[in-house]
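Here the structure is laid out as C-alpha cells; the discussion comes afterwards.
Each value in this text was obtained by applying a stated rule to the coordinates, not by laboratory testing. What you are looking at is a predicted structure, and each value in this text was computed from that prediction instead of being measured. Cβ coordinates were reconstructed from backbone atoms using ideal geometry, including for glycine residues, and neighbour counts include every protein chain displayed.
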Amino acid sequence: MNTRLLLLAAAPLLCATAHAQWRTETYTLRGGWNSIYLAGDAQYATLAALLPQADIEEVWRWNPNPNQLQFTSAPSLPLPGTPEWTRWARGDADTMRLTGQTAYLIKCADAAPQFTVTIKQSPVPPAGDWVRAGANFMGFPTFKNGADYPAFTDYFATFPAAIASNAKIYRYIGGELGPANPLQVFSPALERLDATQAYWFSAPVVGDFYAQLDVQTTTPNGLDFGRTGSEIIVTIYNRSGQAVNLFLSAVASEPAPVGADSLADGTNDVGLPTGSVPLTQRLFNTATAAWEETLITNPLTRTVAQRSSREFSFGIQRTAMTGTAGAHYGSLLRIRDTGNLMDILLPVRARKTSLSGLWIGDALVNAVESKPAADAVTPAARTYPLRYIVHVADDGTARVLSQVFMGKLTGAGNPVGLCTKESGLLAADKVNARRISAVHLPLDRIIDGTAGTGTGSVGIGSTLTRKISLPFDDKVNPFVHQYHPDHDNKSPRGDALVAGQESHTIERNVTFTFTAAPPGGGPVPAGWGATILGGTYGEVINGLHKDSAGTGTGDGLRVTGTFELRRASELGTLTITP
C-alpha cells in the first residue's frame, strides 16, 4: 500500500466525534454567589434547560487569560465585557453553553435556601494550566472517600507551591461578594478539596498540575476509537517520590440526554451494560511474542513507580459490538489511586463500523483432496496463497473482483475512487493511479452473487459463497490451446465443438466463513472485525476430474484453508466500467 492508497482509505474518517458517554454530577448552591467546576461537557442543551431553577439568576464562565493582572488581596470581581468572563442571565438569549474542565460562578437569589442541582455531562480529560502572573480559577479531580474529600495539603503534596505561605486560596460560601465571600483558606491541612467546586489560587508558579498523576492519551479526547481504531496508549506519569498503586476500571455510561446521540441498544454479547464499549487491556506475551487482549470486566490493579511513567495499551473487542453500523458506544475508564486522592474519568467512545469498502488479502490453501485416497482432504506439504479482492458496497453487496483501479475517475469533478477498468480513470492522472489484480481469477470478472453466482454477505458470523466460472471455450481455460488441434475446440473440418468434447467448463465454488477470531487460534489481532476480517476458506472445483458417474459434470475437487482480508479503503461506491 502506498501513501495515496492510505489517504484514500483514511479520507472518510475525517469527521467530528460526537459525545457518547455520560455522567450526572450534583452541585450544592446557596443564596448569593457560588462556584462550581464542570469536569465534563454539557453543551447539548441551553442554560435555561440545564438550570431551570428560578433561584439561579446568573452564570459566569471563567476564561483563563494569561495576560490578566495578578490579584493581590482578593480574587478578580466578575466584570461583564472583559475577556476573562462570559455572562448569562436568566431571560437572556442562548449565548453561552457549559463547556468541560471549566470554572463557573453562579449567582442565586439572596433569599434562596441551600439547594442542589444536577447536570448531566460528558466527561473530558482533565487539564490544569496554571497562570503565573494572574489568578487561577480551577477545580480538581479529587476522590470522595465516604463523606470526605482529601485535604489540600495531601492533594498538593507533589505541587506544594500551590499552597505555600506566599500563595492565596479562596472559596465561595454563598452570600454577597465581599470580605466574607469568597473566603480565604488559611488552613490547607484542615480544608477539604471538593471536586464539584472551583477555587481561586494566586501562586508564583507555572505548571500543568491537576493531580499527582499526569495522564496522557494518544488520542486528544480520551479513548476515542472511532469507527476503525484498534489501540490507544494511556501514559501515566507519577510525580511523587513513592510508587502509586492504581485501580483501572471500566464504568458504564448513563443514558444520553435529550439532544445528544443515543447509545446503541442491545449492543454487545459479552455481558457488558447496554451501550458500553467492550474495552480490553492489551499485554504483550513474551512467550508467544504476540499481543493478547483481555476484556475489562473487573477493576485492574497496577503500579506506577516513583517519578516515572508507565504506558498502558487499551484495545476494543469490536466483534462484541452487535449494533447497527454507525451506532454509538460510550463508557468511561476510571483511574483512581489507592491513597484516595484522585478520581479521573476518561471518556471511552467508539462507533460500530460499516464494512463498506475495499478488502484485499489472501486465502491460504493448506489441505487438498486426493481422489486416489478415497476423497480424503489431506494437509498439503506447504500452503498456497490465492489473492482475493472483495468490494462491499454501501448496501452490503459483496463483489469478488479480478482487478480494481484506484485513482481519479472520469466522472464529474474527477473524484478519487474505485473502478473496475482502466478506462474509468482520468487519463491525465493515470501516473498516480494504482491497479490491484488477482491473477488466479479470469480477467475483468465482477462476481456479485446475482444470476446464481453465490449467496451470503461479509461480516463476522456470516458466510459468503461465490461461483467463479471459466467457460470451456475461454482462451484462458487450461484445456484450451488455440494452436493444438486436440485442444482448439474445433473439428477437423473447422466446426465449433461443444463443451466436453475437447475442453470442459470449470466451476470454482468458493466459500468464505467469517469468524470472530483467527481460525488458527491464538490472540485476536487489533482491528479484527473492523480493519481485518478472516476465517475459514473452502473451494470445490468442478470440471478438472473425470466424472465417475458419467454425468458429464465431473467430480468436484475440494480444497480448504484460511483467509484474511485487510481493509484498503472505506469507499462503498465502486464504478463498474463497461
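Peptides 486-496, 275-285, 515-525, ordered by how many other C-beta atoms sit within 10 Å of their residues on average, highest first, read 275-285, 515-525, 486-496.
Here the 3J(HN,Hα) profile of segment 98-108, calculated from phi with Karplus coefficients 6.51, -1.76 and 1.60 at θ = phi - 60°, is 8, 9, x, 6, 9, 9, 9, 9, 10, 9, 10 Hz, Gly and Pro shown as x. When each of the peptides 464-470, 438-444, 197-203 is scored by how many other beta carbons lie within 10 Å of its residues on average, the order from highest to lowest is 197-203, 464-470, 438-444. With the convex hull of its Cα atoms as the shape, segment 440-578 has an orientation-averaged projected area of 11.6 nm². Close amide-amide hydrogen proximity is noted between I389 and L401, each under 5 Å apart and 5 or more residues distant or on a separate chain (H modeled in the peptide plane; Pro and chain starts excluded). Computed from backbone phi, the HN-Hα couplings of segment 398-412 come to 9, 10, 8, 10, 8, 7, 8, 10, 10, x, 6, 9, 7, x, 4 Hz, rounded to whole numbers (Karplus: 6.51 cos²θ - 1.76 cosθ + 1.60, θ = phi - 60°; Gly and Pro given as x). Would you mind classifying segment 172-266 by shape? Square roots of the alpha carbon gyration tensor eigenvalues, ordered a ≥ b ≥ c; an a/c under 1.5 is rounded, otherwise it is prolate if a/b is larger than b/c and oblate if not. Taking the square roots of the gyration eigenvalues as a ≥ b ≥ c, segment 172-266 is oblate. Going by a ≥ b ≥ c, the root eigenvalues of the Cα gyration tensor, does segment 306-439 fall in the rounded group (a/c under 1.5), the prolate group (a/b larger than b/c) or the oblate group? Verdict is oblate for segment 306-439.
Pairs of lysine residues in the chain that meet both criteria, 8 or more places apart or on different chains and Cα atoms under 25 Å apart, total 17. A simple spin-label model places the labels of T301 and A189 3.1 nm from each other, with each point 7 Å out along Cα-to-Cβ.
Each peptide in 21-30, 185-194, 529-538 receives the mean, over its residues, of other Cβ atoms within 10 Å, and ordering these scores from highest gives 529-538, 21-30, 185-194. Based on C-alpha pairs under 8 angstrom that are at least 6 apart in sequence, the chain has a relative contact order of 13 percent. For segment 420-530, the relative contact order works out to 23 percent when only alpha carbon pairs closer than 8 Å and six or more residues apart are counted. Per residue of the chain, the DSSP helices (runs of n ≥ 4 H) give a summed -39500 (n - 2.57) that works out to -500 deg cm²/dmol at 222 nm. Extension gain V476-E311, at 0.36 nm per residue separation less the Cα-Cα distance, in nm? Result for the pair: 53.9 nm of gain on full extension. For A367, nonlocal amide neighbours, meaning residues 5 or more places apart or on other chains whose placed amide H falls under 5 Å from its own, are A380, T560. For the pair segment 442-488 and segment 267-320, the centres of their Cα atoms are 44 angstrom apart. Across segment 198-215, coupling constants 3J(HN,Hα) worked out from phi with the 6.51/-1.76/1.60 Karplus curve, θ = phi - 60°, read 10, 10, 8, 10, 10, 8, x, 8, 10, x, 10, 6, 9, 6, 5, 10, 9, 10 Hz, and Gly and Pro carry x. Extension gain for A380 to R566 (0.36 nm times residue separation, less C-alpha to C-alpha distance): 64.5 nm.
Under 5 Å from the amide H of L441 lies no amide H of any residue 5 or more positions distant or on a separate chain, with H modelled from the backbone and absent for Pro and chain starts.
Taking all Cα pairs closer than 8 Å and separated by 6 or more residues, the relative contact order of segment 468-578 comes to 20 percent.
Both radii were evaluated on the Cα set of the chain; the Rg over Rh quotient, with Rh as the Kirkwood radius, amounts to 1.14.
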